[in-house]
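The values are calculated or read from the model by the stated rules, or taken from the named source; none is laboratory data. It should be emphasised that the depicted structure is a prediction, and the values quoted were computed from it without experimental measurement. Glycine also receives a Cβ, built like all others from the backbone with ideal geometry; neighbour counts cover every protein chain displayed. When the accessible area is computed, the model is the full protein with side chains, heavy atoms only, and any ligands, DNA or RNA have been set aside. Shrake-Rupley method; radii C 1.70, N 1.55, O 1.52, S 1.80 Å.
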Amino acid sequence: MTTESRLAAPAIPGLELRPNDRGTAAGAEFAAIANACNAAEGVDEFVAAEDLVNWLTHTTAGFDPVRDVVRAEIEGRLVGYAWVDWVDTSDGKREFRLGGYVHPDHRRRGIGRRLVAWQESHAAGLPAAAPATTPLVYGTFAPEQRQTKIDLFTRAGYETERWFFEMLRPNLDDVVLPPMPDGLEVRALGADRASLRKLWDADVDAFRGDHWGGFDASDGAFERSLADPDQDPSLYVVAWDGDQIAGGVTNTIYRAENEAFSRKRGWLETVFVRRPWRRRGLASALVARALVVLREAGMQEGMLGVDSDNPSGALGLYRRAGFDVHSRSVALRRPFTVDR
């Protein structure tokens with residue numbers, strides 16, 4: 001496979017692709033473009049400027065906000081942006097993930113094709129694109145409603161690899177609390193750095209090898225999580241076996257998104273059980289308790305994301321807990337090689 005983009009990228013008068021020289025100050029203007037796209041396509045998401053500032057502040061193992069973000073400008077006006085990061089995946093690949101937005105007022109002019117061409121070329125030139133044995137792939141992720149993006153990447157030779165579901169429990173009434181497994185108890189997690197690192201490491205351990213597609217578990221990613229403006233350890237539900245974390249749910253309330261949509265939704269952002277404590281009903285017990293915590297925090301509905309082919313049976317567990325599929329997202333990939 002060639003590293004050259006398969007999309008013909010037309011010349012666009014006045015278009016310039018250049019590094020994000022505005023640093024974290026770009027957070028607000030990036031958020032405005034992302035939210036314009038969400039509104040135009042009916043995507044049930046709101047991007048908060050402070051979240052993008054946090055993203056643009058932290059370098060991780062697979063992402064450098066100075067190097068890996070590009071601005072699309074026409075006569076000095078921002079009309080889109082894109083980025084590249086990479087992870088080593090659970091299915092034995094190194095995936096370079098391509099993300100971005102083009103403002104709805106500037107679509108169907110070839111800007112998206114130009115950005116994809118930049119992303120693929122940029123990814124192929126990164127030091128991480130020259131491993132000795134690991135297969136290389138480009139990847140991207142899109143809500144099902146974002147058909148323009150899906151069509152763009154499909155024309156470029158990307159194929160569907162996986163579907164993910166966003167599942168909603170439309171109310172937090174009548175939550176049945178299963179008993180905790182013998183020997184385990186729910187205790188509060190400290191908000192100090194050491195406690196949060198312990199939870200992070202337990203979460204990484206639980207998903208290592210099971211989470212399709214992989215994730216950034218680097219120290220830089222942990223630092224970014226600490227600075228997440230929506231992080232609230234008082235909402236977390238953590239199961240302990242003595243001083244060992246057996247599993248947990250990291251509840252999150254995205255307050256800016258709730259305000260934008262006039263709703264009271266809480267997210268079960270991560271639900272995990274480590275291998276030694278599986279098959280004992282712990283996940284069901286944690287999910288129910290997480291819903292109660294969200295209800296006590298004033299939320300009226302619960303939301304979570306799940307891999308449609310999750311090997312642990314999570315989809316059935318969530319249905320039994322009162323969740324149903326609300327929307328779908330797709331992961332697309334294409335392989336490439338680099339000749340150096």
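Each Lys or Arg adds one and each Asp or Glu subtracts one; over the other residues with Cβ under 12 Å from the Cβ of G183, this totals -2.
Here is the P(r) of the chain: all C-alpha pair distances, binned every 10 Å from 0, give 5, 23, 33, 25, 11, 2, 0 in whole percents.
Residue by residue, the range 180-192 carries 3J(HN,Hα) couplings of 6, x, 3, x, 10, 9, 8, 10, 5, 9, x, 8, 6 Hz when phi is fed to the Karplus relation 6.51 cos²θ - 1.76 cosθ + 1.60 (θ = phi - 60°); x denotes Gly or Pro. Largest mean-square fluctuation among A39, A290, A129, in a Gaussian network model of the chain whose springs join Cα atoms under 10 Å apart, belongs to A39. Summarised as an ellipsoid, the range 34-76 has semi-axes of 22, 16, 9 Å, derived from the eigenvalues of the Cα gyration tensor scaled by 5 and square-rooted, with the largest first.
Can you give me the accessible area per residue for the chain, using a 1.4 Å probe, in Å²?
Result: 46 Å² of accessible area for each residue.
Averaging 1/r over each pair of different alpha-carbon atoms in the range 1-132 and inverting the result gives 15.6 Å, the Kirkwood hydrodynamic radius.
Viscosity 1.567 mPa s, temperature 4 °C: Stokes-Einstein D of the range 193-266 from its Kirkwood Cα radius, in µm² per second?
D, rounded to a whole number, is 93 µm²/s.
When both the range 109-177 and the range 193-231 are represented by their alpha-carbon centers, they are found 21 Å apart. Tell me, rounded to the nearest percent, the portion of alpha carbon pairs in the range 148-272 spaced more than 22 Å apart. Value for the range 148-272 (Cα pairs over 22 Å): 51 percent. For the residues S90, S262, S195, a 1.4 Å probe over the protein chains yields an accessible-area ranking, largest first, of S262, S90, S195.
Result for the chain in a Gaussian network model with C-alpha springs under 10 Å: among E301, E75, E223, the largest mean-square fluctuation is at E75. Within the accessible surface of the chain, defined with a 1.4 Å probe on protein heavy atoms only, the carbon and sulfur portion equals 49 percent. Per-residue surface analysis assigns E296 an accessible area of about 140 Å², computed on protein heavy atoms at 1.4 Å probe radius. Adding -39500 (n - 2.57) for every DSSP H run of four residues or longer, then dividing by how many residues the chain holds, sets the calculated 222 nm ellipticity at -9000 deg cm²/dmol.
Ranking F153, F215, F141 from most to least accessible surface, computed with a 1.4 Å probe over the protein chains only, gives F141, F215, F153. Heavy-atom accessible area for D174, with the other protein chains in place and a 1.4 Å probe, reaches approximately 130 Å². By the Stokes-Einstein formula, at 0.890 mPa s and 25 °C, the range 66-197 with its Kirkwood radius over alpha-carbon pairs has D equal to 131 µm²/s.
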